[in-house]
Amino acid sequence: MRADWTGRSLPKPSPHLLCQATAALEISPGECVFIGDSLSDMEAAQAAGVQSVGYANKPGKHTQLASVGASAITEALADLKSFI
């Protein structure tokens, strides 16, 4: 669970924070990339219309992240720069 600025609880994978960030930056969801290491991160990105990069930091995670629609997946933090 996460709380928004009003203190309401928003269960993961709520896209609320991603939508709030794009609005604050005055950019469209298509202009940004969200990097995460969990299935709920990828689901939140999809719900917000944001491209997602899954960080497969454990064995078997690559398959899991792909199964929920990660736009791209990497197993090395050093490679993240190439997705931005």
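Taking the stretch 51-68 on its own, how many of its residues are touching a strand residue (DSSP E or B) at 6+ places or on another chain (Cβ under 7 Å) and more than 20 Å from Lys81 (Cα to Cα)?
Summing the residues that are touching a strand residue (DSSP E or B) at 6+ places or on another chain (Cβ under 7 Å) and more than 20 Å from Lys81 (Cα to Cα) in the stretch 51-68 gives 0.
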Failed condition for Val33, given (1) in contact with a Phe, Trp or Tyr (Cβ under 7 Å, 6 or more places away or on another chain); (2) within 16 Å of Ile73 (Cα to Cα); (3) without any contact (Cβ under 8 Å) to a residue 40 or more places away in the chain, with all others met? (3)
If you go through the stretch 58-65 one residue at a time, do you hit one that is in contact with a helix residue (DSSP H, G or I) (Cβ under 9 Å, 6 or more places away or on another chain), at pLDDT 90 or above and of a type in the set (A, V, I, L, M, F, W, C)? yes
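Can we say Lys81 is among the basic types (Lys, Arg) and touching a residue at least 12 places away in the same chain (Cβ under 8 Å)?
Numbers: among the basic types (Lys, Arg): yes; touching a residue at least 12 places away in the same chain (Cβ under 8 Å): no.
Criteria not met by Lys81.
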Any residue in the stretch 36-47 that is over 14 Å from Cys19 (Cβ atoms) and charged (D, E, K, R) sitting within a Cβ distance under 9 Å of a residue that is assigned to a helix (DSSP H, G or I) and modelled with pLDDT of 95 or more? List the pairs, counting only those 6 or more apart or interchain. Asp37/Lys61; Asp37/Leu65; Asp41/Leu65
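The values are calculated or read from the model by the stated rules, or taken from the named source; none is laboratory data. Just so we're clear, the structure is a prediction, and the values are computed from it rather than from any experiment. In this analysis, Cβ positions are derived from the backbone assuming ideal geometry, glycine residues included, and neighbour counts consider all displayed protein chains.
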